[in-house]
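The values are calculated or read from the model by the stated rules, or taken from the named source; none is laboratory data. Just so you know, these numbers come straight off a predicted model, no measurement behind them. In this analysis, Cβ positions are derived from the backbone assuming ideal geometry, glycine residues included, and neighbour counts consider all displayed protein chains.
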Amino acid sequence: MVTAKAAEAKTYRRPYSGAWWLRKSRTFAYMAREFTAVPIAAWWLWFLIEIARVKSGPHGYQPHMSTAFVVFSCICLLFALFHAYTFLSLAGLILRIPLGMKTVPPRLISTLAFAGFFVASAIIAGLLVFFGR
Amino acid sequence: MPNTIKVTTTRYDPAQDAKPRRQTYEVPYQDDMVVLDALNHIKTNLDGSLSYRWSCRMGICGSCGMMVNGEPKLTCAAFLRDYHPREVVVEPMANFAIIRDLVVDIDPFLEKLQSVKPWIVNEVPGPLGGGENLVFTEQTDQFRQYSQCINCMLCYAACPVFGHTPEFLGPAAIALARRYDLDPRDNGNEERKAAVRSSEGIWECSFVGECSAVCPKGVDPAKAIQQSKFDSTLGVLMPFGKRLW
Amino acid sequence: MSDMSEHRPGSGRMDGLLWATFANCALISAILVPAHIFVQGVLGPLHLSPVIDQHYDTMWAALNNPLVKIYFGIVSALVFYTFGHRVKYMLIDLGVPIPKYWLSLATYGLAVAGIGFAVFVLISVP
């Protein structure tokens with residue numbers, strides 16, 4: 001319900017600036033966190049293109065090997081790790097699991113999430129290497 | 001060290017100005033002064049036409065929220081010594097329409113607050129002589145943080161989502177909804193769902209986190225919103241029983 | 001000014017579904033993807049370790065296993081959906097003057113296209 005006075009007054013609305021995230025390191029980190037989805041998707045697209053090359057047979061198949069690809073992968077890896085770090089850290093904040101009248105400590109949830117990350121990474125890396133021999 | 005400080009404030013008279021302008025004042029400086037003291041000095045001694053809101057001057061009423069050098073602050077809790085000898089720029093809270101000078105239109109916030117019913121909803125009170133409505137410390141621990149909200153709206157000033165989507169229910173309203181949803185004496189969860197779980201409610205939030213960063217009372221509305229999202233999702237997957245995760 | 005008391009119960013159901021899907025996709029992709037990028041994108045090309053995609057034989061053998069194809073398909077869905085959801089909100093945050101409906105269509109549409117491409121590649125590879 002708008003008061004009569006507020007309705008009569010000529011209020012001034014300041015324009016929204018899309019550059020708000022540049023003003024502080026906190027908000028820059030937020031936008032970087034959101035942006036991580038782009039390089040991760042880009043890298044995965046390159047991987048799918050590599051898979052598609054299998055159709056060309058043994059002579060046509062060329063895995064990505066160039067220095068440029070390694071640099072690209074390193075940059076994507078940094079973004080992927082940043083995404084993992086921010087998301088898993090926040091797991092403890094988001095997941096409120098009741099335990100009687102209390103809740104599971106947020107730090108325990110985050111620790112378990114990170115433990116899961118390291119275990120899964122080790123398994124995936126192990127499989128990628130083992131079946132590459 | 002100079003014993004004065006430059007304080008620049010936004011000036012806007014809707015009867016005369018097409019858009020806000022700035023005006024700078026030279027204010028006497030003392031170590032223990034806060035920004036609100038500077039504004040009161042301006043109004044009392046330099047320019048009686050300056051308009052702004054304030055009340056308790058001790059960080060509990062939530063009236064004196066403004067932008068101080070681009071950051072949402074309670075001006076009664078922002079010490080000049082943290083800025084001196086640099087200039088202090090005081091502007092009206094961001095993301096709100098300006099009524100005059102440093103006064104903003106808070107009606108949208110009050111409407112949103114009302115929509116989440118920030119009170120104990122209990123249609124069926126216990127019988128007289130039925131004893132106290134016991135609440136254990138472990139239970140109040142779950143929502144005490146959210147009950148610290150003083151409705152200062154600094155979180156709305158900091159929230160970029162509220163900035164580009166004024167219909168967004170906002171951090172304080174959602175945090176207060178959660179405060180009452182988590183209260184064992186309350187049965188209003190269903191009544192609050194329409195506002196909280198609407199498209200303009202919790203789902204608008206993209207978890208920037210600025211609301212929690214600027215809150216002067218440590219409410220952590222970002223946590224309240226994300227937990228509400230999780231709670232809402234589980235409520236859809238497991239709709240039976242009264243559950244609040 | 002909208003009257004908040006007129007919100008339709010359940011009007012946020014689609015938003016809730018989109019968010020819940022994003023939360024799960026982002027969480028699982030956060031756990032799975034970095035290892036792929038590190039091993040296949042850095043170790044393999046630098047010859048620091050044998051990796052399945054460095055040779056035709058090992059890659060062909062892996063892709064002949066339906067479980068591997070299913071796994072790659074699932075990870076593709078996780079990655080591209082997270083991309084679509086995050087890019088939508090990034091564009092809104094940047095103040096792009098396009099109505100949210102069209103932004104959603106474009107970004108989730110790109111995500112679906114990516115997933116479709118993944119499915120096509122994985123199905124068509126022998």
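Of all residues in the stretch B:184-202, those that are touching a residue at least 12 places away in the same chain (Cβ under 8 Å) and more than 9 Å from chain C (Cβ to nearest Cβ) have Cβ atoms under 7 Å from Cβ atoms of residues that are acidic (Asp, Glu) and surrounded by 17 or more Cβ atoms within 10 Å (Cβ to Cβ), 6 or more apart or on another chain, in B:ASN189/B:ASP181; B:ARG192/B:ASP181. None of C:PRO45, C:PRO34, C:PRO99, C:PRO50 is without any contact (Cβ under 8 Å) to a residue 40 or more places away in the chain and more than 7 Å from chain A (Cβ to nearest Cβ) except C:PRO99.
Of the residues C:MET90, C:MET1, which single one is at pLDDT 95 or above, more than 24 Å from A:TYR61 (Cα to Cα) and of a type outside the set (Asp, Glu)? Step through it out loud before you land on a result.
Values: C:MET1 fails: at pLDDT 95 or above.
Exactly one residue qualifies, and that residue is C:MET90.
Evaluation of B:TYR146 against the conditions (1) away from chain A (no Cβ under 14 Å); (2) buried (at least 24 other Cβ atoms within 10 Å of the Cβ) shows that the sole unmet condition is (1).
Check whether at least one residue in the stretch B:128-140 is outside the structural domain of B:VAL34 (by TED's automatic domain parsing) and acidic (Asp, Glu), and report yes or no. Yes - at least one qualifying residue is present in the stretch B:128-140. Looking across the stretch A:83-133, the residues that are touching a residue at least 24 places away in the same chain (Cβ under 8 Å) and surrounded by 18 or more Cβ atoms within 10 Å (Cβ to Cβ) come down to A:HIS83, A:ALA84, A:THR86, A:LEU88, A:ALA113, A:PHE117. Can you tell me which residue is nearest to B:ASP141 (Cα to Cα) among those in the stretch A:78-133 that are of a type outside the set (D, E, K, R) and part of a loop (DSSP other than H, G, I, E, B)? Residue satisfying both the conditions and the ranking: A:MET101.
Among the residues of the stretch B:204-215, is any in a loop (DSSP other than H, G, I, E, B), of a type in the set (S, T, N, Q) and farther than 26 Å from B:GLY65 by Cβ? Reasoning before the result, please.
Of the residues in the stretch B:204-215, the ones in a loop (DSSP other than H, G, I, E, B) are B:205-209, B:215.
In the following step, the residues that additionally are of a type in the set (S, T, N, Q) were identified as B:206.
After this cut, where a residue has to be farther than 26 Å from B:GLY65 by Cβ as well, the list is none.
The answer is no, given that none of the residues of the stretch B:204-215 is in a loop (DSSP other than H, G, I, E, B), of a type in the set (S, T, N, Q) and farther than 26 Å from B:GLY65 by Cβ.
Listed here are the residues, each with its yes/no results for (1) modelled with pLDDT under 95; (2) surrounded by fewer than 17 Cβ atoms within 10 Å (Cβ to Cβ); (3) among the basic types (Lys, Arg); (4) touching a Leu at 6+ places or on another chain (Cβ under 8 Å).
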residue: B:LYS73; (1), (2), (3), (4): no, no, yes, yes
residue: B:VAL88; (1), (2), (3), (4): no, no, no, yes
residue: B:ASN95; (1), (2), (3), (4): no, no, no, no
residue: B:LEU102; (1), (2), (3), (4): no, no, no, yes
residue: B:VAL135; (1), (2), (3), (4): yes, yes, no, no
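Table: residues versus (1) more than 7 Å from every other protein chain (Cβ to nearest Cβ); (2) over 19 Å from C:ILE52 (Cβ atoms); (3) assigned to a helix (DSSP H, G or I).
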| site | (1), (2), (3) |
| --- | --- |
| A:ARG33 | yes, yes, yes |
| A:VAL38 | no, yes, yes |
| A:ALA41 | no, yes, yes |
| A:ILE49 | yes, no, yes |
| A:ALA52 | no, no, yes |
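Count, please, the residues in the stretch B:31-48 that happen to be exposed (fewer than 12 other Cβ atoms within 10 Å of the Cβ) and either part of a loop (DSSP other than H, G, I, E, B) or touching a His at 6+ places or on another chain (Cβ under 8 Å) (or both). The number of residues fulfilling the criteria is 3.
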